[in-house]
Amino acid sequence: MELEDIRREYSKGGLRRKDLRSDPIEQFNFWLQQAIEAKLLDPTAMTVATVDDSGQPYQRIVLLKHCDQDGFVFYTNLGSRKAQHIEGNAKVSLHFPWHNLERQVNVLGVAEKLSAAENFKYFTSRPKESQLAAIASKQSSRISARGILEGKFLELKQKFAQGEIPVPSFWGGYRIKPTSIEFWQGGENRLHDRFLYSQAEGRWDIDRLAP
Ligand SMILES: Cc1cc2nc3c(=O)[nH]c(=O)nc-3n(C[C@H](O)[C@H](O)[C@H](O)COP(=O)(O)O)c2cc1C
């Protein structure tokens, strides 16, 4: 089969203005809950796009860990490529691809670091192996062999066999404060529904966009 012939109709139902919450975070959490209930694989997975100093974008998937009126939270290595990008330009874009529901959500916003207390709370809730892996991996750096990583992991496992593992200084979370959020629902005959929430002086304006 040719790639050009791969396509499908989107028929799960439309999105009407009357069905929208006036608050985009409420609308997002409503859709996220439906994605979880629909048992989508990795419903909290989102693509995070950042740009480097030259304006070159790069995207990667991370897991959303919290979403409320303050923003969208994820955790990562604070020396990683994404962290370096954010250091130079805090504007990021998030994307949720909920294919089975024929939906996507796009978020534009600004990243800020979480507090040490927030990092501690989440880090200590993670399985011990994940905590050790976070310490063992100098994320995004070049390594010569997998064995080095595994050796470091085993060394740390012995070191912290007893007692709590301290939160490494190079690990933590970001909160993306949204400036706009777009909801997309696939429609028949490619007449999809798109609604854009834009922040305007403390309130959210809602506009329908052409598909
Ligand atoms: C399903 C999935 C979930 C992931 N979740 C995270 C995450 O929560 N945090 C993270 O730092 N990397 C996560 N990753 C790995 C990232 O995609 C990426 O490879 C890593 O963060 C390094 O990105 P960077 O070099 O651009 O900083 C995940 C990857 C996948 C496929």
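The values are calculated or read from the model by the stated rules, or taken from the named source; none is laboratory data. From a predicted model like this one, the values you see are computed outputs, not experimental measurements. Don't worry about glycine lacking a Cβ; one is built from the backbone with ideal geometry, like all the others, and counts go over all protein chains shown. What goes into the accessible areas is simple: the full protein's heavy atoms, side chains included, and nothing from ligands, DNA or RNA. Shrake-Rupley method; radii C 1.70, N 1.55, O 1.52, S 1.80 Å.
Restricting the search to region 31-48, which residues are outside any strand (DSSP E or B), free of Cβ contacts under 8 Å to residues at least 60 places away in the same chain and touching a Leu at 6+ places or on another chain (Cβ under 7 Å)?
Within region 31-48, 43, 44 meet the criteria.
With over 21 Å from residue 75 (Cβ atoms) and acidic (Asp, Glu) as the only criterion, which of 164, 155, 118 stands out?
Numbers: 164 fails: over 21 Å from residue 75 (Cβ atoms); 118 fails: over 21 Å from residue 75 (Cβ atoms).
Checking each option against the conditions leaves just 155.
Please go through region 49-101 and give me each residue that is over 20 Å from residue 170 (Cα atoms), in a strand (DSSP E or B), of a type outside the set (Val, Ile, Thr) and open to solvent by 30 Å² or more (accessible area, probe 1.4 Å), ordered by number.
Hits for region 49-101 are 57, 58, 59, 66, 68, 91, 93, 95, 97.
For region 103-132, give me each residue that is in a helix (DSSP H, G or I) and surrounded by 16 or more Cβ atoms within 10 Å (Cβ to Cβ).
From region 103-132, those in a helix (DSSP H, G or I) are 116-123, 128-132; that's our starting set.
Listed by number, the residues that qualify are 118, 119, 122, 123, 131, 132.
Return a yes/no flag: does region 143-160 have any residue that is closer than 27 Å to residue 35 by Cβ and assigned to a helix (DSSP H, G or I).
Start the filter on region 143-160 by keeping residues that are closer than 27 Å to residue 35 by Cβ, which leaves none.
No, because not a single residue in region 143-160 is closer than 27 Å to residue 35 by Cβ and assigned to a helix (DSSP H, G or I).
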